[in-house]
Amino acid sequence: MFLRVDLTSIDALRKGIADVRTTLGRVGVLVNNAANDRRHKIEDVTPESYDAGIAVNIRHQFFAAQEVIDDMKQLGGGSIMNLGSTAGCLNKAVSRCT
């Protein structure tokens, strides 16, 4: 099942999960794998761009997990996988990525 969902909208995220639940039943596995890899100089980051990055890269992971936790409890367990990226290692200023 594929759904296009704006993950920066928690209401849209919750509706998407509800649609999956309606079609497939309780959610026993959640894979959070959405991210945005826009690069900026530190001087160019604004509070708005920072918040937008957090909304795409991190915020939805928590709220998706929150939305499926009762399903997993009712199922007797489940798995949540939050995927990250090594893209930050592409920055020459980062030396501890190996």
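The values are calculated or read from the model by the stated rules, or taken from the named source; none is laboratory data. Quick caveat: nothing in here was measured; it's all calculated off a predicted structure. Please note: Cβ atoms are built from the backbone with ideal geometry, for glycine as well, and neighbour counts cover all protein chains shown.
Matching residues to (1) farther than 23 Å from residue 84 by Cβ; (2) not in a helix (DSSP H, G or I):
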{"site": "23", "(1), (2)": "yes, no"}
{"site": "35", "(1), (2)": "no, yes"}
{"site": "40", "(1), (2)": "no, yes"}
{"site": "57", "(1), (2)": "no, no"}
{"site": "61", "(1), (2)": "no, no"}
{"site": "68", "(1), (2)": "no, no"}
> Out of 7, 13, which single residue is in contact (Cβ under 8 Å) with a residue 24 or more places away in the chain, assigned to a helix (DSSP H, G or I) and touching a Leu at 6+ places or on another chain (Cβ under 8 Å)?
Replying inline: 13
> Yes or no: residue 52 among the hydrophobic types (A, V, I, L, M, F, W, C), exposed (fewer than 10 other Cβ atoms within 10 Å of the Cβ) and modelled with pLDDT under 90?
Replying inline: no
> Among the residues of segment 75-98 satisfying the criterion of being surrounded by fewer than 12 Cβ atoms within 10 Å (Cβ to Cβ) and modelled with pLDDT of 90 or more, which is nearest to the chain's Cα centre (by Cα)?
Replying inline: 81
> For segment 18-66, how many residues are under 29 Å from residue 77 (Cβ atoms) and over 13 Å from the mean Cα position of the chain (by Cα)?
Replying inline: 12
